[in-house]
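The values are calculated or read from the model by the stated rules, or taken from the named source; none is laboratory data. Nothing here was measured: the structure is a model prediction, and the numbers come from that model. Using ideal geometry, Cβ is built from the backbone for each residue, glycine included, and neighbour counts are taken over all protein chains shown. Calculation scope for accessible area: heavy atoms of the full protein, side chains included, ligands and nucleic acids excluded. Shrake-Rupley method; radii C 1.70, N 1.55, O 1.52, S 1.80 Å.
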Amino acid sequence: MPDSISLSAVAKKNIQRNPGRSFCLIVVVMLLSLFLFVGTVLISSLSGGAASVANRLGADIMIVPEGFDPHVDSILLSGKPSTFYLPSYAFEELEKIKNDVGIEAMSAQTFLATLNASCCSYPVQLVGIDFDSDFIVKPWLEISLGHELHDGEIIVGYHVAGYPGDTLQFFSKNLNVAGRLEQTGMGFDSMIFMNRATIAVLAKEAERIRERPLKNDGSLTSVIMLKLKPGFSSTASAIEINRLLNNKGIYALFSKKFVNSISASLITISKILSFSLIALWLLAIVIVALIFSLSLSERKKEMGVLRALGASRGILIKLNLTEAFFVSFYGAVLGVTVGSVLITVFSPGAVEALNMPFLLPSKTKLILLAVISDFAAVVTGVIAALWASVKASRVDVHEIMR
Amino acid sequence: MKKLFGAVNFLSGLFLSLAPFVLFPVCDTTEKIMGCYYSGIFITCAGIFIALISLLSLFFSVWTKNFSLVIISAAALSCWLVPNKIIELGPCGLCANPAHPCQASTMPAVEIIIALIFTVCIAGIIFNFVKGDFSSRA
């Protein structure tokens, strides 16, 4: 059979014969697959980000200066630079009540925000880790590095410019980049890690440049991470610490509160997105069905001629469904392509825009999501056209040709 | 219609090439040449490239096919990806200070032009399909 009268050739000619209608149909399917793909990736990325936070916040309780808990949230979430210090007696006070609240391990961290020195540099969060006592950052930091950080060495987050072997300058001190972290979808991506000896040197230099001490009592501890003994509840212990150390400028923050608040926001966003996707899906089915129905009503004579020429009802249905398949396939592929572009363009700024941890799925999962979105959009388009096609195939040849 | 798409892309390409140094200038160069200056050069070159291909599409129908629209949209998108360092290209970048001209005026204008070019290209690709230009045969 020559190509010109094959089913697909006739379907293509039909698409080209009414470009306005075909254009609208493609745009509808394109928007459906676009939102389907982007929406699913968004939900998946937010879930991934929340899981990443839960996995990496290995501390049961964080001890922060009183009134600074929102700062800790923004540091952990988006890496927003901040400099604050606990009173110098914080460690001693915690040692005194260690057994009462079930503290198993304590590790101090030092935060230091760099200066906005010139137009092309911007403040980043420096974090000093006590490698002797650390039980949180060290395990996954060592995966990237393979050994402990030496003095003058740093590990940079995923979004910080700098590669192993490079030298970065902070507070007039040159530091060697020893490694880069994998993407975490949270504040760690914008942070720079070093040992506490190195950050102490930088803090002294910062005091000299700022011409004032960072903290009057000389403390260089920003947060103390606590690990509880088995059987102790982080909520109950945090409340007990706050009661015992009341009015001492110390506040105990249980990590689950932070993770729970993220999870609660995530559930709300997921619900809104899912509802929007279902509404969009229904809308797409109705619009595609309506446009096909109207189009086939206009083409009753054409259907009658085809029936008179010997085309069976099955052929007519196949012809219309092939047309719907081409239109849906083209729209779906375009939608996923545009969606991929939007994800590439906007995902780097997603953490700040959404104020939530955001970790893109792996490339394999992204490709899988793209294929599923394409498939769903094509099936939607074809199913929406099915009813109109069946109806059009029932045309009465005598009535139409009269 | 294809000529209209070509004309819009030609004008957008022109605006894009003029944006970083004439219409919405990037930051002034002092003794230190900043990343936004190099980004400006990149955007200007990309704008000229887009305008050139669009101009060809006004006179030669072969340049109205999907491959040229894909090239134009890729060039337009690179004007966002390169300054924002999503694609790292030499010293290209932007100033960190949001109040600086490159962040406050150049990039917002460039983003609008990119969005326009990208939308026109997508519309062009759909139009080519419904009008029978299947690009695989182009």
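Conditions (1) in contact with a Cys (Cβ under 9 Å, 6 or more places away or on another chain); (2) at positive phi; (3) free of Cβ contacts under 8 Å to residues at least 40 places away in the same chain; (4) open to solvent by 80 Å² or more (accessible area, probe 1.4 Å), marked per residue:
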residue: B:13; (1), (2), (3), (4): no, no, no, no
residue: B:49; (1), (2), (3), (4): no, no, yes, yes
residue: B:58; (1), (2), (3), (4): no, no, no, no
residue: B:62; (1), (2), (3), (4): no, no, no, no
residue: B:78; (1), (2), (3), (4): no, no, yes, no
residue: B:82; (1), (2), (3), (4): yes, no, no, no
residue: B:96; (1), (2), (3), (4): yes, no, yes, no
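Condition check ((1) within 14 Å of another protein chain (Cβ to nearest Cβ); (2) within 30 Å of residue B:114 (Cβ to Cβ)) across all residues:
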{"site": "A:295", "(1), (2)": "yes, no"}
{"site": "A:301", "(1), (2)": "no, no"}
{"site": "A:310", "(1), (2)": "no, no"}
{"site": "A:321", "(1), (2)": "no, no"}
{"site": "A:334", "(1), (2)": "yes, yes"}
{"site": "A:337", "(1), (2)": "yes, yes"}
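Condition (residue is in a loop (DSSP other than H, G, I, E, B) and open to solvent by 10 Å² or more (accessible area, probe 1.4 Å)) applied to the range A:182-199: is it met by at least one residue?
yes
Hey, can you tell me all the residues within the range B:61-96 that are assigned to a helix (DSSP H, G or I), of a type outside the set (Gly, Ala, Ser) and within 13 Å of chain A (Cβ to nearest Cβ)?
B:66, B:69, B:70, B:77, B:79, B:80, B:81
Hey, can you tell me all the residues within the range B:64-76 that are in contact with a Gly (Cβ under 6 Å, 6 or more places away or on another chain) and open to solvent by 30 Å² or more (accessible area, probe 1.4 Å)?
none
Restricting the search to the range B:26-38, which residues are touching a Pro at 6+ places or on another chain (Cβ under 9 Å), open to solvent by 60 Å² or more (accessible area, probe 1.4 Å) and within 20 Å of residue B:85 (Cα to Cα)?
Matches in the range B:26-38: B:33, B:37, B:38.
Looking for something touching a helix residue (DSSP H, G or I) at 6+ places or on another chain (Cβ under 9 Å) and part of a loop (DSSP other than H, G, I, E, B) - is there at least one such residue anywhere in the range B:100-108?
Yes, the range B:100-108 contains a residue that is touching a helix residue (DSSP H, G or I) at 6+ places or on another chain (Cβ under 9 Å) and part of a loop (DSSP other than H, G, I, E, B).
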